[in-house]
1. Could you tell me how far the Cα centroid of the range 250-323 sits from the Cα centroid of the range 83-150, in Å?
2. Return one number: the angle in degrees, 0 to 90 and rounded to the nearest 10, between the long axis of the Cα atoms of helix 201-211 and the longest principal axis of the Cα atoms of the chain.
3. Grab the Cα-Cα distance for Leu90 and Val46, subtract it from 0.36 nm times how many residues apart they are, and report the gain in nm with one decimal.
4. Would you kindly state how much longer the chain becomes between Asp58 and Ala14 on full extension, computed as 0.36 nm times their sequence separation minus their alpha carbon distance, in nm to one decimal?
5. Mind checking the dipole of the chain: about its Cα centre, +1 per Lys or Arg Cβ, -1 per Asp or Glu Cβ, Debye to the nearest 20?
6. Relative to the longest principal Cα axis of the chain, at what angle does helix 186-198 sit, 0 to 90 degrees, rounded to 10?
7. Please work out the Cα convex hull volume for the chain and give it in Å³ per residue.
8. Using alpha carbons only, how many degrees (0 to 90, rounded to 10) separate the axis of helix 339-357 from the longest principal axis of the chain?
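Read the figures in this text as sums done on the coordinates, not as results from a lab. Since the model is a prediction, treat every value here as computed from it, not as a measurement. Cβ placement follows ideal geometry from the backbone for every residue including glycine, while neighbour counts extend to all protein chains displayed.
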Amino acid sequence: MRKETIALFSVVLALALFGMCMVYSASAAHQYADSSLIQQSIFMLVGLVVLFIAAHFDYHRLRDPFIFRSIIFLSLVMLVAVLIPGIGDLRLGARRWINIGTIFSFQPSEMAKFALILLLAVKLSSNQDDVKSFSRGFLPCCVIIAVFSGLVLLEKDLGTPMVIGVTAFFMLFIGGVRWYYLFPSLIPAVAAVWLLIITSEFRFRRIMSFLDPWSHAEKDGYQLIQSMSAFAKGSLTGVGPGAGEQKLRYLPMADTDFIFAVVGEEFGLLGTLGVIGLFAAFLVLALRIAANSDDLFGTLLAGGIASLVVFQAGFNMAVTIGLFPTKGLPLPLISRGGTAFIMTMGMIGILLNIGLWAHPVEDKKTVEQPA
């Protein structure tokens, strides 16, 4: 699987380099444009180092009880710590960041994504005898997902629990959980999301502005309208690199949550399809690695990482074109940010390591045949 691994790394590098250029373009109207580029370049360098280390770390060792329990414990501690005033930094009414010094902040929910994927991969691969049982297989996994999702929800973040929920669903599916346990569980999950929306004035306003942004053009619908305007101005081929106007203080979060709209304005439909194509290539290559992994643990780990990155990317893109309500989720590998970028690169490094260990199914059959 070395060819697929090299191809996957090439796709990731292309997305990251393009993202760095787009971050600089999207922040060009601000005084911090140069510092933003320098900061993102540092994140890129650190991310590549983390990816390189993870790619050369035998992923089988992640099953070691001390290693994976330490990761889970640290993740849960940080999810709790960020909720404590004085430790968690309050921004826009939510506590999602822990400041480290004066120049860097860490978002525990990004680490929680990987921790949950790792824990489910260990549990599902180690308990194959019980995975089809409701009480010993399905129910414990639901409790694990609920704990992680609940702690993130306390940060007033609904988008991340939805992403990790979909990722967990996919992992349970490929892990062998019975479909008649899995699919009916979507009903209470959807009901819980709806309940969280209608009991929160802020979230309910977002839903209303999503359904009819023009009736809320001056407040909650403003961001979506500006995003759709960016795509409209970009048309087929775009207005040109760096020539977009929506980023000139018209489109909020132009370098983070809505950077895909800047891509649409400057590179047009062809540019957005190019980005979508790269993520599609990432998915195909990652799933091929997962399917040919040496063991079920590697399959689950690779499948979880692949579904997390691609679903979050798809969710972000759908938000910018008005298919989903606005949520604060970055576009993986492209949006400005440190924690999300570095954690994503680390997870992709693990995915590359799984690919280096994997062998095509045809080769396995050849090896297994008697001489």
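1. Value for the Cα centre distance between the two parts: 21 Å.
2. 80 degrees
3. 13.2 nm
4. Difference between extended and current length: 13.3 nm.
5. Rounded to the nearest 20 debye, it is 440 debye.
6. Compared with the principal axis, the helix lies near 30 degrees.
7. Details: hull volume 55.7 nm³, N = 371.
Hull volume over Cα atoms, normalised by residue count, gives 150 Å³.
8. The angle comes out near 30 degrees.
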